[in-house]
Amino acid sequence: MDRLRAFEMFATVVGQGSFTRAADKLETSPANVTRYVNELEEMLGARLLNRTSRRLSLTETGKTLYDRALSILEEVAEAEAIASSAAMQPRGRLRINAPLSFGILHLAPLWPRFMARYPDIELDISLVDRLVDLVDEGFDLAVRISRGGSPSLISRKLAAIHHFVCASPDYVARHGAPQTPDDIRNHACIAYAYSASAEEWRLLDRDGKLHTVPVSNIFHTNNGETACAAAAAGFGLILQPTFLIGELLRQGRLVRLLPDYHTPEIDVLAVYPSRRHVSAKVRVMVDFLVEAFRGKPPWD
């Protein structure tokens, strides 16, 4: 069995939702498509499709294979274009992972412009705050907020952020503002669950000296925007990144406290697997993001 052809048959059946439509697209017979898919299932020892008289649906194994098959077919197409010295146009599905709040606030507004520029690229955007394995989970590219990136990935810096201590004007009017990091101990705080320093805040002064302060958290959340909303409602102090609090500071809904103190700078990075040949779709996306964030970040 021609495995690559079998992957193509299977992926087309899923994409078209029908063996007959897949056969039409591939200019072959429905029986030939059925034979390839059956042989692929026999070779793998697993059912890939649930078939009824009215519809097809993927099994869990089928979902996994479908994502990988699309990636394989796209890479083969790009390799063929390179080998034949064809003028390769960026095309195909581009799977991108990014943090939830950053993706909504600062990436989502960019996608229409990118798609207008590269109409042959199909974007597949996944927004989650956990750290994903790009290779195992089939992502082409990720935007990460990290110090230093990962040695196993290629990275391009897009921008820099800091974390500032903030509260609402109402909270400050009722409880006063901390004058030193140690004063934070006497204030209600709002914890971001995914932070490594949720229970104690680490701040640098102007001389670079580190101040570590245990905090009293009265509110816990795994979402930065929720933390900011709680602070703006007067619940307490937050230590949140500039990409989240920038607009709230401009609106006056939050005020920055302890202005002589900040966290170490953190990078916003575009990262992708270390490959000898970077696909055209990844290359143009990285270049696009670098261009989009060039200069002063929108949150400063």
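Quick note: the coordinates plus some simple rules give every number you see, no bench work behind them. What you are looking at is a predicted structure, and each value in this text was computed from that prediction instead of being measured. Ideal geometry is used to build each Cβ from the backbone, glycine not excepted, and the neighbour counts take in all protein chains shown.
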**Request:** Grab the eigenvalues of the alpha-carbon gyration tensor for segment 1-148, scale each by 5, take roots, and send me the semi-axes largest first in whole angstrom.
**Result:** 31, 19, 15
**Request:** Starting from the Cα of K281, draw a straight line to each of the aspartates and glutamates and keep only those under 16 Å, dropping any in the same chain fewer than 8 residues away.
**Result:** E74, E75, E78, E80, D120, E122, D124, D140, E291
**Message:** Apply the Karplus curve 6.51 cos²θ - 1.76 cosθ + 1.60, θ = phi - 60°, to the phi angles in segment 220-229 and return the couplings in whole Hz, x for Gly and Pro.
**Reply:** 10, 8, 9, 10, x, 5, 5, 4, 5, 5
**Request:** Can you find, among S150, L210, A230, the residue farthest towards the positive end of the dipole of the chain? Put +1 on the C-beta of Lys and Arg, -1 on that of Asp and Glu.
**Result:** A230
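Given a Förster distance of 51 angstrom, what is the FRET efficiency for N217 paired with R21, based on the Cβ-Cβ distance and rounded to 0.05? Let's see the in-between values first.
On the way: r = 55 Å, r/R0 = 1.08.
That pair, N217 with R21, gives E of 0.40.
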**Cross-link reach list, aspartates and glutamates versus K209, counting only Cα pairs under 12 Å and skipping chain neighbours closer than eight places** = D260
**Asked** Once every DSSP H run of n ≥ 4 in the chain is given -39500 (n - 2.57) and the sum is divided by its residues, what mean residue ellipticity at 222 nm do you get, rounded to the nearest 500 deg cm²/dmol?
**Response** -11000 deg cm²/dmol
**Fill in**
Most fluctuating of S101, S279, S18 in the GNM of the chain (C-alpha, under 10 Å) is S18
**Prompt:** Modelled label-to-label distance, Q251 and V135, 7 Å Cα→beta-carbon offset: nm?
**Reply:** 4.3 nm
**Message:** Give me, ordered by chain and number, the residues 5 or more places off V165 or on other chains with an amide H under 5 Å from its own placed amide H.
**Reply:** L257
**Message:** Restricted to Cα positions, what overall size does the chain have along the principal axes? Three whole-Å values, descending.
**Reply:** 77, 44, 32
**Prompt:** Given a Förster radius of 35 Å and the C-beta distance between E225 and R3 as r, what FRET efficiency does 1/(1 + (r/R0)^6) yield to the nearest 0.05?
**Reply:** 0.15
**Prompt:** Put a dot 7 Å past each Cα toward the Cβ at R206 and L100; how far apart are the dots in nm?
**Reply:** 3.9 nm
**Complete:** Cα-based Debye curve of segment 157-300 sampled at q = 0.09, 0.13 Å⁻¹ gives log₁₀ I(q)/I(0) of -0.33, -0.62
**Prompt:** Helix 60-83 versus the longest principal axis of the chain: what is the Cα-based angle in degrees, 0 to 90, to the nearest 10?
**Reply:** 80 degrees
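Suppose every Lys and Arg Cβ carries +1 and every Asp and Glu Cβ carries -1, with no other charges. What dipole size does the chain come out with about its Cα centre, to the nearest 20 debye?
Details: 35 positive and 36 negative charges, 88 e Å.
Here the size comes out at about 420 debye.
Taking only C-alpha pairs under 8 Å that are 6+ residues apart, what is the relative contact order of the chain in percent?
Numbers: 470 pairs, mean separation 60.9, N = 300.
For the chain, the relative contact order is 20 percent.
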**Message:** Starting from 0.36 nm per residue, how many nanometres of slack lie between R68 and D260 once their C-alpha separation is accounted for?
**Reply:** 64.1 nm
